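Remarks on the structure that follows.
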Amino acid sequence: MKKLLIAFFSLFVMANANAAIITTDLTSDTYITNNGLDWTWASPVAAENWGGGNVLKAPSFHAGWRYATLLELDYLDSILDLFFDANGGQIQSAQYWNTTFTHVDSGDWNAGSIASGPGTPGYNSYFESVYVRDVNVNAVPVPAALFLFAPALLGFLGLRRKITTA
């Protein structure tokens, strides 16, 4: 009888354990970059609370991420296929935004049931969630650019002085 109780406990209680949400920055294999934005497939739902267990975090939970605008969601239609790798796997980041879910739903995705938060027109709580982040187009920080530019400027000034004295 004791073994039966342990087996029952293992199957029904321990099977419901939740994975911890990942709080570090997203890894590059969890989003795609296109049209000046990083795009991530963030969740199989678009509701803050789902089924009494999952909490979907707002995009700002990770620095730089935000809800996609309506114009950006319209553009998303042209790049949907990029969210699937060569083996048919999904490029997604559910474990970074959800307290319980670590998956996304291809069926909803393929049906166009995609949102980026409650403000999306036609929004339903079962829609897939997509978040975006602006890509930094200024890849060289200002101090580094000055460090590279200053020696060249000094060289030109020295060359000019040498020419004028000769």
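Rule-based calculations on the coordinates, nothing more; no lab input. As the structure is a prediction and not an experimental result, all values here were calculated from the model. FYI the Cβ positions are ideal-geometry reconstructions off the backbone, even for glycines, and counts take in every protein chain you see.
Once you sort the root eigenvalues of the Cα gyration tensor of the stretch 19-135 as a ≥ b ≥ c, which label holds: rounded (a/c under 1.5), prolate (a/b larger than b/c) or oblate (the other case)? Since a/c stays below 1.5, the shape of the stretch 19-135 is classed as rounded. Karplus-based coupling profile of the stretch 53-59, in residue order and whole Hz: x, 8, 10, 8, 7, 5, x, with θ = phi - 60° in 6.51 cos²θ - 1.76 cosθ + 1.60 and x standing for Gly or Pro.
Computed 3J(HN,Hα) for the stretch 87-100, one whole-Hz value per residue from the Karplus formula 6.51 cos²θ - 1.76 cosθ + 1.60 where θ = phi - 60°, is 8, x, x, 8, 8, 8, 9, 3, 5, 8, 10, 10, 7, 10, glycine and proline marked x. A Förster radius of 41 Å, combined with the Cβ-Cβ distance separating A152 from Y123, puts the computed FRET efficiency at roughly 0.20. Fully extending the segment from A20 to D77, taken as 0.36 nm per residue of separation minus the present Cα-Cα distance, adds 17.4 nm.
Here the Karplus relation 6.51 cos²θ - 1.76 cosθ + 1.60, evaluated at θ = phi - 60°, turns the backbone of the stretch 116-133 into coupling constants of 9, x, x, x, 6, x, x, 4, 10, 5, 8, 5, 6, 9, 10, 10, 10, 9 Hz, with x for every Gly and Pro.
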